[in-house]
Amino acid sequence: MGAVIAIGERARTTGFALAGVEVRPAEAPDRVRALWRDLPADVALVILTPAAAAALGPDALDVSEPLTVVMPP
């Protein structure tokens, strides 16, 4: 099984660490884009906050891998 990573505001992603998710806090859009660009090859699932998803834009999320989900607002 591949890695699971959560990207977005620290306050919205920190709790995922309790379930073994690798949390990568990102408050600024530039940081979100840098983390997305540098995702390791073994990532199976990326969990994004709504703000992180907005920073990436819809084209970035229109990929078959890794599986990407956006938290509800």
Open item on the list: The conditions are (1) among the hydrophobic types (A, V, I, L, M, F, W, C); (2) closer than 21 Å to Ser64 by Cβ; (3) at pLDDT 95 or above, and Ala11 fails exactly one of them. Which is it?
Closed with: (2)
Open item on the list: Would you confirm, using the coordinates I've provided, whether Ala41 is within 20 Å of Gly20 (Cβ to Cβ) and not aromatic (Phe, Trp, Tyr)?
Closed with: yes
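The values are calculated or read from the model by the stated rules, or taken from the named source; none is laboratory data. Computed from a predicted structure; not experimentally measured. In this analysis, Cβ positions are derived from the backbone assuming ideal geometry, glycine residues included, and neighbour counts consider all displayed protein chains.
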